[in-house]
Each structure stands twice: as C-alpha cells, then as structure tokens.
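Chemist: One structure, as structure tokens, below. Some questions next.
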Amino acid sequence: MKYFDKIDKIKYEGSKSSNPFAFKYYNSNELIFGKKMKDHLKFSMAYWHTMTGKGVDPFGAETMERPWDDEQDEMEKAKIRVKVAFEFMEKLGLEYFAFHDRDIAPEGETLSESNKNLDVIVDLIEKEMKRTGIKLLWGTANLFYNKRFVNGASTSPNADIFAFSAAQVKKAMEITKRLNGAGYTFWGGREGYETLLNTDMKLEQDNFARFLKMAVVYAKEIGFEGQFYIEPKPKEPTKHQYDYDSATVISFLRKHGLDKDFKLNIETNHATLAMHTMNHEIRLAADNDMLGSVDANQGDLLLGWDTDQFPTNVYDTTLTMYEVLRAGGLKSGGLNFDAKVKRSSFTKNDLLIAHIAGMDAYAAGLRIASKLLEDGVFENNLKDRYRSYNEGIGKQIVSKEVGFKELEEYVMNKKELEKNESGKQELLEAILNQYIIG
Ligand code: XLS
Ligand code: NI
Ligand code: NI
C-alpha cells in the first residue's frame with residue numbers, strides 16, 4: 001500500500017509556481033560552484049519527527065493524522081513505517097535520513113528483546129536503502145525517553161544506568177555501521193543537572209568523557225569509520241546541559257583528548273536557546289576544524305524552548321549556508337531536518353509541504369550565499385578591516401616578533417595613532433538585503 005500516491009514525485013517548477021507540491025527554489029542538479037545543489041545541501045529526514053511524531057504537547061493529546069499508524073501491533077506498525085518513510089523520501093528526493101534506535105523499532109522488556117526488534121526492522125531498512133539508494137546520514141541512541149534515564153544516562157549517579165546506556169549505544173553503533181551510516185551522533189538528552197545541591201558535576205562530566213572514549217574504542221574494534229558527532233544544546237530537558245554550545249563542547253573534548261575523534265552536529269534551535277546565532281555556532285566550529293553536520297530547523301524566538309520548526313527564514317538559511325560554504329562544505333555531514341510540523345498542521349500532506357518549505361528555504365539561502373561569497377562582499381570587507389595586521393607592527397604582532405616592551409616603545413612617543421574606521425554594520429546589512437531580495 002502507498003500512502004502518498006495521490007501526489008507525484010516533487011519537481012522543481014521555479015519561483016513563479018503556485019503548486020504547493022513543487023519546489024520553487026530547490027533545483028537538485030543545478031550547479032553551484034561546480035557542485036550539485038543536492039550535494040551541497042544533503043537533506044535528511046529525521047525519522048523521529050516525521051515518522052513517529054504525534055503532535056502531543058504538555059497540554060494536549062495527539063493530533064497527527066497518520067493512516068499508516070492504524071495497525072495496533074507495535075512491530076507491525078514499525079514495519080509499515082519503514083515503507084512509508086522510504087516512499088516519503090523518494091517523493092521528495094531526500095537522499096539521507098537519521099534515526100534513534102527507538103524510533104525505528106519498539107523497545108522490549110529487556111535489552112535483548114529490544115535488540116531483536118531492531119534486527120528485524122534494520123533488515124527491512126537495509127532492503128529499502130538498496131532499492132532506493134537512500135543513505136543513512138547518522139544513527140543515534142535514545143537515552144532520554146525511558147524513565148531509567150530520569151537522572152541521566154552516562155552521567156547518571158547510578159552505575160547500572162551507565163552500563164545500560166553503554167550497551168544500548170553499542171547496539172546502536174552496530175546497526176549504524178551495518179547500514180553504512182556516515183556518522184553517529186551523541187546528543188546528551190539528560191546529560192546535565194537540575195540542581196547542583198545533588199550533583200557531583202566533576203564525576204558526571206568525567207564519566208561522560210569515559211563513555212565517549214569507550215565508544216571510540218568500540219568503533220575501532222568493529223571497524224566503524226563514520227564520523228562521531230556531539231550535538232550541543234544548553235537546556236531542555238535538563239535545566240543545564242553539559243554540552244551547552246559549540247565553545248563548551250570543543251573545550252570539553254580538548255580537555256579529555258577527544259577532539260580528534262568528534263565533530264559537532266549543530267542545530268539552529270539549540271544555537272538560539274544558547275543565545276547565539278546559528279552562524280556564530282558554525283563559525284566557531286569551523287574555525288576549530290570541528291564543523292560536522294547541521295540539524296536544520298528554527299526556533300520561535302518568543303518562546304524559550306526547542307520548538308523544532310521547519311526552517312523557512314531565508315535570512316537565517318542564507319547566513320547558515322554562507323558559513324557552511326565558507327568552511328568548505330559539510331564533508332560527512334548534511335542538513336538533517338530535525339523539525340516537526342506544528343501541532344495544527346496535522347494532515348499527512350503537511351509533512352510534504354513542510355519539507356518542501358525547508359528545502360526551498362535552504363536552496364534559496366545557498367544561492368544567495370554563493371553569490372555573496374563569489375562577489376567577496378563580506379570577505380573583501382574583512383580583508384580591508386584587518387589590513388593593519390598585514391604590515392608594520394600588526395605583522396610583527398601576528399608573527400610573534402614583539403612583546404609588551406616593544407609595543408610600549410612603539411606607542412610611547414607616537415603623537416597620532418592610526419585612525420579608527422567605521423564598522424559599517426548598517427551598510428553590510430543593507431547589501432545583504434540586496435542580495436536576498438534581488
Ligand atoms: C533534541 C535533539 C535531538 C537530537 C538527536 O533536542 O535535537 O533530536 O538531534 O537525539
Ligand atoms: Ni537535533
Ligand atoms: Ni533539538
């Protein structure tokens with residue numbers, strides 16, 4: 001049975017199209033800097049939101065109309081969802097997906113039962129991947145939903161929970177390897193604390209590092225060569241999460257000698273929850289050679305939580321793609337739509353429309369960003385703004401030829417310093433608007 005058979009494969013019709021089931025900006029094979037749009041963007045479907053998200057919120061029940069979930073048996077439901085997922089991705093031309101272990105198969109009474117369920121579903125996924133050529137961007141383990149993780153997973157005060165988490169991740173890594181996943185993500189859903197009054201923060205963070213080291217060792221053992229990612233998030237569900245933001249994660253990894261084994265999976269809504277812009281988070285990761293992948297969504301800045309909305313803000317997608325292009329692209333990573341349709345967008349077709357909206361917003365952002373880069377709009381300004389470091393005393397500072405004494409000598413009897421220049425923020429913002437609006 002097909003669930004989206006009333007709609008043809010989504011095609012590019014250009015910006016004048018009024019067909020809601022067509023791309024207006026995403027033209028998958030169009031070349032940008034000699035590379036296909038689809039290879040710059042590498043869009044991925046998040047199995048959890050799109051296949052299992054039901055629209056519950058703390059005040060209300062499920063709203064989503066998902067005819068494929070009518071089946072009562074959980075394993076049968078999981079099998080049907082695999083078919084639906086691949087039909088859906090094929091319709092949209094999504095070439096990647098990402099999942100948590102518990103999204104694809106129901107949890108059993110014991111780990112052994114859960115693992116058996118996974119094996120059955122992974123068989124089906126593997127077949128569908130072969131049939132369609134769709135690839136796994138990354139896998140992960142859900143270490144936050146079950147009540148056993150109430151105090152955290154690898155940062156739980158209870159060593160049994162640490163052990164359980166390790167065993168669950170072991171299996172999740174194995175299936176990710178089996179499905180040839182390009183990456184494996186760690187998002188510390190409950191790796192943080194509610195109050196320091198009951199928390200040994202040092203032990204918890206050291207345990208988290210021990211856990212990650214075990215994962216690195218096990219990856220070598222089984223020959224998993226995908227990229228490990230850590231996904232920063234400052235809060236929610238815990239009040240304070242250890243993987244707060246790019247800067248925090250980078251210094252944590254360096255402290256524990258793990259920085260060569262991990263890169264960052266940066267999510268737009270997490271960046272804004274940390275009171276940073278997404279472009280700041282990406283720039284910081286890229287400057288430290290740690291840019292890995294992107295969870296492409298957007299938050300509502302008037303709300304203080306992770307609303308995981310589909311990215312439609314072209315200003316933001318432009319600046320995100322600008323940073324991605326500037327960093328030389330995403331390598332093993334992609335743009336994973338860690339995004340859910342609004343609770344009131346409950347029809348199955350809203351799922352298609354939301355992905356089209358996100359893909360179009362990113363395609364438009366990519367086009368604009370490539371022009372900005374090509375014309376050197378910001379890069380030339382940067383060169384000019386920092387030119388004093390290319391000659392004279394600036395050059396000596398950069399090449400570490402001078403210290404405080406020499407610098408004192410340099411300025412002590414100088415009557416006039418170089419004049420400061422305008423930062424030109426409004427001018428640059430106006431030019432950015434010209435590129436966006438055209
Ligand atoms: C939640 C996270 C989560 C990760 C994967 O806020 O974004 O969905 O991406 O565990
Ligand atoms: Ni995410
Ligand atoms: Ni999130």
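Chemist: I'd like the accessible area for residue 66, computed on protein heavy atoms only with a 1.4 Å probe and all protein chains in place. Round to 10 Å², please.
Modeler: It works out to around 10 Å².
Chemist: Moving on to the next point. With +1 on each Lys and Arg Cβ and -1 on each Asp and Glu Cβ, and nothing else charged, work out how big the dipole of the chain is about its Cα centre, in Debye to the nearest 20. Please report the intermediate quantities before stating the final value.
Modeler: On the way: 60 positive and 68 negative charges, 166 e Å.
Magnitude of the dipole: close to 800 debye.
Chemist: Oh, and also: GNM, the chain, Cα, under 10 Å: largest mean-square fluctuation among 171, 16, 415?
Modeler: Most flexible of the set in this elastic network: 415.
Chemist: Taking the chain as a Gaussian network, Cα atoms linked when under 10 Å apart, which of 90, 281, 391 shows the biggest mean-square fluctuation?
Modeler: Highest fluctuation of the listed residues: 391.
Chemist: Any idea of residue 347's accessible area? Nearest 10 Å², probe 1.4 Å.
Modeler: Rounded to the nearest 10, that gives 50 Å².
Chemist: Output the pairs from 16/233; 9/116; 36/83; 6/42; 116/331; 16/235 with a Cα-Cα distance over 30 Å in this structure; if there are none, say none. Show your work: numbers first, answer last.
Modeler: Numbers: 16/233 38 Å; 9/116 34 Å; 36/83 28 Å; 6/42 26 Å; 116/331 33 Å; 16/235 41 Å.
Beyond 30 Å: 16/233; 9/116; 116/331; 16/235.
Chemist: Given a 1.4 Å probe and every protein chain left where it sits, what share in percent of the accessible area of the chain is carbon and sulfur?
Modeler: Details: 11500 of 21980 Å².
Carbon with sulfur: 52 percent of the solvent-accessible area.
Chemist: Now for a separate question. Can you tell me the 0 to 90 degree angle between the C-alpha axis of helix 111-132 and the longest principal axis of the chain, rounded to 10?
Modeler: So the inclination is approximately 80 degrees.
Chemist: Give the distance, in whole Å, between the Cα centre of the range 168-239 and the Cα centre of the range 78-115.
Modeler: Using only Cα atoms, the two centres lie 21 Å from each other.
Chemist: Nearest 10 degrees, 0 to 90: what angle lies between the long axis of helix 246-255 and the longest principal axis of the chain (Cα atoms)?
Modeler: 90 degrees
Chemist: Using a Gaussian network model on the chain with a 10 Å cutoff between Cα atoms, which of 59, 149, 23 fluctuates the most?
Modeler: 59
Chemist: Hey, which lysines would be in cross-link range of residue 424, C-alpha to C-alpha under 30 Å, not counting anything within fewer than 8 residues on its own chain?
Modeler: 371, 383, 395, 400, 414, 415
Chemist: With axes computed from alpha carbons, what is the tilt in degrees of helix 159-178 against the longest principal axis of the chain, rounded to the nearest 10 within 0 to 90?
Modeler: Roughly 90 degrees between the two axes.
Chemist: How large is the Kirkwood hydrodynamic radius of the chain, counting all unique pairs of alpha carbons, in Å?
Modeler: Values: mean 1/r = 0.0426 Å⁻¹.
It is 23.5 Å.
Chemist: Would you compute, from DSSP H runs of 4+ residues alone, the mean residue ellipticity of the chain at 222 nm, taking -39500 (n - 2.57) per run and dividing by the full residue count, rounded to the nearest 500?
Modeler: Values: 15 runs with 196 residues, N = 438.
My calculation for the chain gives -14000 deg cm²/dmol from helical runs alone.
Chemist: With charges set only on the Cβ (+1 for Lys and Arg, -1 for Asp and Glu), what does the dipole of the range 267-319 come to about its Cα centre, in debye to the nearest 20?
Modeler: Details: 1 positive and 9 negative charges, 27 e Å.
Roughly 140 debye for the range 267-319.
Chemist: Here's something else I'd like to know. I'd like the distance between the alpha-carbon centres of the range 341-412 and the range 242-270, rounded to an integer number of Å.
Modeler: Computed from Cα coordinates, the inter-centre distance equals 20 Å.
Chemist: Probe 1.4 Å, all protein chains in place: accessible area of residue 100 in Å², nearest 10?
Modeler: 20 Å²
The values are calculated or read from the model by the stated rules, or taken from the named source; none is laboratory data. This one's a predicted model, so the numbers in the text were calculated from it and none came from an experiment. Heads up, the Cβs are rebuilt from the backbone with ideal geometry, glycines too, and the neighbour counts pull from every protein chain shown. Surface areas here come from the heavy atoms of the whole protein model, side chains and all, with no ligands, DNA or RNA. Shrake-Rupley method; radii C 1.70, N 1.55, O 1.52, S 1.80 Å.
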